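The values are calculated or read from the model by the stated rules, or taken from the named source; none is laboratory data. Worth saying up front: this structure is predicted, and the values here are computed from it rather than measured. Glycine gets a Cβ as well: all are built from the backbone with ideal geometry, and neighbour counts include every protein chain shown. Heads up: the accessible areas ignore ligands, DNA and RNA and are worked out on the full protein's heavy atoms, side chains in. Shrake-Rupley method; radii C 1.70, N 1.55, O 1.52, S 1.80 Å.
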Amino acid sequence: MRVRFWGTRGSIATPGPGTNHFGGNTSCVELTTAAGGLLILDCGTGARRLAAELMAKGEKPIEANILIGHTHWDHIQGFPFFGPAFVKGNSAAIYGPEGSGGSLHEVLAGQMEYTYFPVDLAQLPAAITYHDLTEGTHTIGGARVVTQFLNHPAVTLGYRVEADGVVVVYLVDHEPYSDELWRAGAERGRIESILHDGDRRHARFMAGADLVIHDAQYTPEEYPAKKTWGHSTYDYVVQIAAAAGVRRVALTHHDPEHDDDFVADIERKARALALRLGTGLEVFCAYEGCELAIEPRAALKPFVAAEPSQPSVAQRRFYILAVDDQPDMLEMIVRALQDGDQYIVGQATTGAEALRMIGERMPDLVVLDYKMKGMDGMAVVKSLRARAQTQFLPVLMLTAMTDEPSTRAGFDAGVTDYVTKPFSIPQLTARARACLARVHAP
Ligand SMILES: [Zn+2]
Ligand SMILES: [Zn+2]
């Protein structure tokens, strides 16, 4: 499989003398399989030059598969400049996560309304198809493609592409689920020792990959001020990739504030860390024009998800019970979830009231505060897990307690997800969405 980077910048295109080496175009990576399958990961401004090259090659028809992680600007802005879409006979199959405030088609059409762009999406002559995805396994461009949710303040998918005996995993944009990566007292550097279930799942998803392309927008020093913005640090990426037995990591989605010298310094530090960890992990910072030929090193082990997911949740309505003893917080949660008409949200202000309400009407998800007067969130979870009817009821726990013992106690008690305060509204809705999309059953 061949990999080529066309856009490595995060957030906004950043051209100029300071970014000549690593590049100023936003996210876009081209994968080509031996059989000629074309998979384009994200369609940021880098897609314009890729499009020009595809057109210049003169091969007809061009059959592009565009896999969009999420629909933030820096991942879709190149699409209106994707030349092959303006030629009859070509085709573009566009894949992306469902539930980002409309269907994929609607969101892409939105950025091409006449207010923003002179050509309407519906006028494009190429055959364009839209595929709204949740988690699952798909065949795209002849490759086996597995999707899994990432942690970002928008519904975002990571893509694991398996073809030609190799595995390339694209994980952009993503933020650690927990401040602390490892469980105290456990041996570091092993997937089983990862504290938060979300980070553990993230590690498993990239396990054994030949190449992982990962968001590493911030340094560890910058991260505390940018928490909940949905991006990673190089040290998180290197540690988790090393634990997952990854062969090579490309750090990408470089911050617009970071010039070439700064990114080169990140690369040096990331390499030093990888060396210290001693797993043989290779690390580099992705740059525009970087081209790699990935050769198989061992028999490919297809990834199998631990838990299945619903093929689609966009058309379903859900009942969510929000439980918090602080009126302001409860109101914020309810408002966040009730945006749109997909969720009916019930409210409870105590643990006892929550249990009574669950007994009367079974919710699809419980969003539960940890620290409450009287019966706290942990006691509610324990009570739910002790009963057969609510043993697998998804519970998303909200807490200000970011420390290792509290996180651990939450998962040990059986929470489905553990979200620490402060969180943003889009982050909460994306996490709730991931809980609802997964099948929680034995
Ligand atoms: Zn981004
Ligand atoms: Zn984003």
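Summary of computed values
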item: Segment 36-140: C-alpha gyration tensor shape, a/c 1.5 cut-off, then a/b vs b/c; result: oblate
item: Accessible area of segment 50-203 divided out per residue, in Å², using a probe of 1.4 angstrom; result: 38
item: Loop chymotrypsin sites (Phe, Trp or Tyr not before Pro), segment 98-195, which have at most 13 other Cβ atoms in a 10 Å radius of their Cβ (DSSP); result: 114, 116
item: Kirkwood hydrodynamic radius of segment 178-328, Cα pairs, Å; result: 17.6
item: Dipole magnitude of the chain about its Cα centre (Cβ charges: Lys, Arg +1; Asp, Glu -1), debye to nearest 20; result: 1100
item: Flagged links, alpha-carbon separation over 23 Å, of 57/88; 226/373; 57/301; 227/373; 227/382; result: 226/373; 57/301; 227/373; 227/382
item: Compactness relative to 2.2 N^0.38 Å, alpha carbon Rg of the chain; result: 0.98
item: Accessible carbon and sulfur surface of the chain relative to its total accessible area, %, 1.4 Å; result: 52
item: Longest site-free stretch - the chain; sites: GluC sites (Glu not before Pro), DSSP loop, at most 14 other Cβ within 10 Å; result: 258-442
item: Charge tally in the Cβ shell below 13 Å around residue 75, where Lys, Arg are +1 and Asp, Glu are -1, residue 75 excluded; result: -3
item: Rounded to the nearest 10 Å², the accessible area of residue 332 at probe 1.4 Å; result: 50
item: Per residue value of the accessible surface for segment 294-442 (all protein chains in place, 1.4 Å probe), Å²; result: 48
item: Whether segment 147-207 is rounded, prolate or oblate, judged on the alpha carbon gyration tensor where a/c under 1.5 counts as rounded; result: oblate
item: Ranking by accessible area, most exposed first, for 72, 21, 214 with a 1.4 Å probe; result: 21, 72, 214
item: Shape category assigned to segment 322-442 from the gyration tensor of Cα positions, a/c cut at 1.5; result: rounded
item: Reference-scaled alpha-carbon Rg (2.2 N^0.38 Å with N residues) for segment 263-333; result: 2.05
item: Sites residue 116 and residue 57 - FRET efficiency at Förster radius 45 Å, r taken between beta-carbons, to 0.05; result: 0.90
